[in-house]
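These notes concern the structure reproduced below.
Throughout, read-outs are computed from the coordinates displayed, never taken from laboratory work. Not measured: the values here are computed from a predicted model. No Cβ is skipped: glycine too gets one built from the backbone with ideal geometry, and neighbour counts run over all protein chains shown.
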Amino acid sequence: TQLLEQSPQFLSIQEGENLTVYCNSSSVFSSLQWYRQEPGEGPVLLVTVVTGGEVKKLKRLTFQFGDARKDSSLHITAAQPGDTGLYLCAGKASGTASKLTFGTGTRLQVTL
Amino acid sequence: DTAVSQTPKYLVTQMGNDKSIKCEQNLGHDTMYWYKQDSKKFLKIMFSYNNKELIINETVPNRFSPKSPDKAHLNLHINSLELGDSAVYFCASSHGMTSGGGETQYFGPGTRLLVL
């Protein structure tokens, strides 16, 4: 069974602070995605990384895929209240059709 | 213009009842999914259909039966509901099956099921 452990589980910070969320597994994934879910809604895709060592930037968000494709991180610079939500990583293993394994989730709250 | 829609949004029912949740997508996608999100927000795949054909069937009690009348619809029927079935059920869709790089899955707003 593939497991994706996220840390921290909860994070409460003030506006303007930086943070990093980690997504770790002992399994290799062919691709890794990050989703954000707001209360009462479904998850929305933020990014997909497919190459070991790949770094992608989306405004203040920086995503990295580990060299061995077993882990990933999400770094947010100068967090804003609008970043509040549940962040989920999701991995896809080779040969598993379109099956995604979701991480345990990180709940982020950014206050003024 | 909702891309992936689910009905109902809320469902409160008694143990032992049978209920259905409906999902429709207007994105022209070939693949649809059902996920269960528990109280700890853990999201787990239950089923996936590609062009009306079942392609993913995780270890789910056989009280849960998905049905895809056409590739734009994927319904979930649950027999003999139990307390542990209380959760948020999400439908999602994607363009199709890929072997390598992940493709985007578009999620519906969820159905909040509470079994009393």
### Query
How crowded by other chains is B:43-51, given as the mean number of beta carbons from other chains within 10 Å of each beta carbon?
3
### Query
What is the percent of Cα-Cα separations in the range A:27-112 that go past 16 Å?
53
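Quick one: length gained pulling residue B:116 to residue B:38 fully straight, 0.36 nm per residue minus the C-alpha distance? Don't skip to the end; give the middle numbers.
Values: separation 78, 0.36 × 78 = 28.08 nm, distance 1.59 nm.
Length difference between fully extended and current span is 26.5 nm.
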### Query
Tell me, what are the semi-axes, in whole angstrom and largest first, of the equivalent ellipsoid of the range B:3-46 as set by the roots of 5 times the Cα gyration tensor eigenvalues?
22, 15, 10
### Taking chain B and dividing mean pair separation by its residue count, relative contact order in percent (alpha carbons under 8 Å, at least six apart)
37
### Task
Work out the FRET efficiency for residue A:77 and residue A:107 from their Cβ-Cβ distance, taking R0 = 22 Å, and round it to the nearest 0.05.
0.70
### Task
For an R0 of 25 angstrom, estimate the FRET efficiency from the Cβ-Cβ distance between residue B:3 and residue B:70 and round to the nearest 0.05.
0.90
### Query
Given the options B:47, B:90, B:64, which has the most mean-square fluctuation in a GNM of chain B, springs set between C-alpha atoms less than 10 angstrom apart?
B:64
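Under 12 Å from the Cβ of residue B:81, count the other residues' Cβ atoms, weight Lys and Arg +1, Asp and Glu -1, and hand me the total.
Numbers: positive: B:19, B:63; negative: B:18, B:82, B:85.
Net charge around residue B:81: -1.
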### Query
If you project the alpha carbons of chain B onto their three principal axes, what span does each projection cover, largest first, in Å?
40, 32, 28
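Taking chain A, how many lysine pairs are there with alpha carbons less than 20 Å apart, if each pair must be eight or more places apart or span two chains?
On the way: A:56/A:70; A:56/A:92; A:57/A:70; A:70/A:92; A:70/A:99.
So the count of such lysine pairs works out to 5.
Enumerate by residue number the trypsin sites (Lys or Arg not before Pro) in the range A:40-93 meeting two conditions: DSSP loop (anything except H, G, I, E, B), and at most 12 other Cβ atoms within 10 Å of the site's Cβ. Don't skip to the answer; put the middle values down first.
Numbers: sites: A:56, A:57, A:59, A:60, A:69, A:70, A:92; in loops: A:59, A:60, A:69, A:70.
For trypsin sites (Lys or Arg not before Pro) across the range A:40-93 that sit outside H, G, I, E and B with at most 12 neighbouring Cβ atoms in 10 Å, the list reads A:59.
Would you please calculate the Kirkwood hydrodynamic radius of the range A:1-73 over all C-alpha pairs and express it in Å, rounded to one decimal? All intermediate terms of the calculation are to be shown ahead of the outcome.
Values: mean 1/r = 0.0750 Å⁻¹.
One decimal place: 13.3 Å for the Kirkwood radius.
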## Note on the structure
Per residue of A:30-38, other chain Cβ atoms within 10 Å number on average 3
### Task
Scale the Cα Rg of the range A:70-112 by the rule-of-thumb value 2.2 N^0.38 Å and send over the ratio, two decimals.
1.48
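Rounded to the nearest 0.05, what FRET efficiency do residue B:54 and residue A:14 have when you use their Cβ-Cβ distance and R0 = 41 Å?
Details: r = 48 Å, r/R0 = 1.16.
Approximately 0.30, to the nearest 0.05.
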### Query
Got a sec? Charge dipole of the range A:36-112, +1 on Cβ for Lys and Arg, -1 for Asp and Glu; which of A:94, A:75, A:43 is way out at the positive end?
A:94
### Message
I need A:107, B:63 ordered by Cβ neighbour count within 10 Å, fewest first.
### Response
B:63, A:107
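Kindly work out what percent of the DSSP beta bridges joining two residues of chain A are antiparallel, to the nearest 5.
On the way: 35 of 40 bridges.
Taking every DSSP beta bridge within chain A, about 90 percent pair in antiparallel fashion.
Assuming a viscosity of 0.692 mPa s and a temperature of 37 °C, what translational diffusion coefficient in µm² per second does Stokes-Einstein assign to the protein assembly as shown, Rh being the Kirkwood radius over Cα pairs? Numbers along the way, then the final one.
Working: Rh = 18.1 Å.
The calculation lands on 182 µm²/s.
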